[in-house]
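As structure tokens, the structure follows; a few thoughts come after it.
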Amino acid sequence: MSSPQPEQKLSAIPPSAAAPAPASAKKPPNRKVLVVAGLIALAAIGAGARMWYRSAHFVETENAYIAGHVHPVSARISGIVTKVLIDDNQIVKAGDVIAELDPFDQRVKVEQIQAQIASAQTQVVQADAQVAQVQAQASAAQAQVKQAEAMLVRANQDAQRYGQLFTSQMKAVSKAELDAATATRASAVADVAARKDSATAARAQIAAAASARDVLKAQIDVLKVQLKDAEQQLAYNRIVAPVSGRVGKRSVEVGQRVQPGQQLTALVQDDVWVTANFKETQLADMRVGQSVHVAIDAIPGRELTGRVDSFSPASGNQFALLPADNATGNFTKIVQRVPVKITLKPEDMKALSGRLVPGMSVIAEVEIGEDKAEPAQHATAAHATAQAH
């Protein structure tokens, strides 16, 4: 008999799995991930560089708007509106009639003053005639004075002659004749005095008549001034445009009773500019004359070019109706904003005529990247030019 064979034990672990894996078998990094990460890093670097560049060369604000000249048109006298000759958004020229008021009351006043002037002028003519009359009376009185003086001379001579003929040694004339000559002389003296008083009274009448005439002429001058004022009041019934522009905020209607100073409409001129409220911390490198990029919300995709024209003399808070009082114990520092006026290029304003209106929102970006020495040079040149002028 043969000997039995030993039994073989079966293992549940396959031979391939039982062998250990090599340590150097690692997966390589994904190329796409590296590319994306590199692009993100480049974008971040570019964004950071752009932000640094813009912070160093530009100052920007969204607190800006278009400003312009808005002229309120109001009535200067009270009255009833009889005509309205404008419409909303209409273009008018300076001197065009906007509305008319009922002129009856002012016209009646003008005619009344004209009648008073005519009456006063007639009285002046009468005063001139009276002056001429009293002048003639004064001339007659002066002639009578001369006549009385001549009679006095004759009476004096007669009295002297009779006095020489009637003395204690010679009685060539009678005592009655001497007394008559003396009485005639005395009467002539009294007559001369009376005639002189009459001439003085006539001259006084001339002065009085001339004064009355001058008073009438002064009254005429006053009436003429009143007439001029009444005619001006009559002209105020035609409400005219003070400037050229477009009609806005029209509130006048036919039949409406208006009062002096009541606003009827407003005229907006085409000459506009940008008022940008920059933070006070943004003004360090801003100078007059720097270029400004202006983006208007109402005209997207179109960038306008302007220049810094001037700076406000005070912050916006100082012009507020109730400025903040910082002299208190609970003071909190707040960055103030200073209005800056920015003018636009004339060609841009002409191209966008009628589309740029006051109140539109604006984004203003000022280029401040010029050499810091240039503003000082510009200021020195401007000061020299001002002194030369």
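The values are calculated or read from the model by the stated rules, or taken from the named source; none is laboratory data. Every value quoted in this text rests on a predicted model; they were computed, and no experiment measured them. Using ideal geometry, Cβ is built from the backbone for each residue, glycine included, and neighbour counts are taken over all protein chains shown.
General remarks:
- Within the stretch 180-201, being surrounded by fewer than 18 Cβ atoms within 10 Å (Cβ to Cβ) and of a type in the set (D, E, K, R) holds for Lys196, Asp197.
- Matching residues, the stretch 329-352, being surrounded by fewer than 16 Cβ atoms within 10 Å (Cβ to Cβ) and farther than 23 Å from Val59 by Cβ: Gly329, Asn330, Phe331, Thr332, Pro346, Glu347, Lys350, Ala351
- Selection of the stretch 203-255 for residues being within 24 Å of the chain's Cα centre (by Cα) and β-branched (Val, Ile, Thr) yields Ile239, Val240, Val243, Val247, Val252.
- The number of residues in the stretch 199-249 that are closer than 30 Å to Thr82 by Cα and part of a helix (DSSP H, G or I) comes to 13.
- Residues of the stretch 263-279 that are more than 30 Å from Val335 (Cα to Cα) and of a type in the set (S, T, N, Q): Gln263, Thr265, Gln269.
- Taken as a whole, the structure places Thr182 among residues that are over 30 Å from Arg203 (Cα atoms) and at pLDDT 75 or above.
To keep it simple, each residue is scored yes or no on (1) touching a helix residue (DSSP H, G or I) at 6+ places or on another chain (Cβ under 7 Å); (2) buried (at least 17 other Cβ atoms within 10 Å of the Cβ); (3) modelled with pLDDT of 95 or more; (4) in a helix (DSSP H, G or I).
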| position | (1), (2), (3), (4) |
| --- | --- |
| Tyr53 | no, no, no, yes |
| Val59 | yes, yes, no, no |
| Ile77 | yes, yes, no, no |
| Ile86 | no, yes, no, no |
| Asn89 | no, no, no, no |
| Gly95 | no, no, no, no |
| Lys109 | yes, yes, no, yes |
| Gln121 | yes, no, no, yes |
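- Within the stretch 274-319, tally of residues that are surrounded by 15 or more Cβ atoms within 10 Å (Cβ to Cβ) and of a type in the set (Asp, Glu): 2
- Entirely in the stretch 261-372, the strands (runs of 3 or more DSSP E) that have 2 or more residues that are more than 26 Å from the chain's Cα centre (by Cα): 263-279, 291-296, 303-311, 361-367
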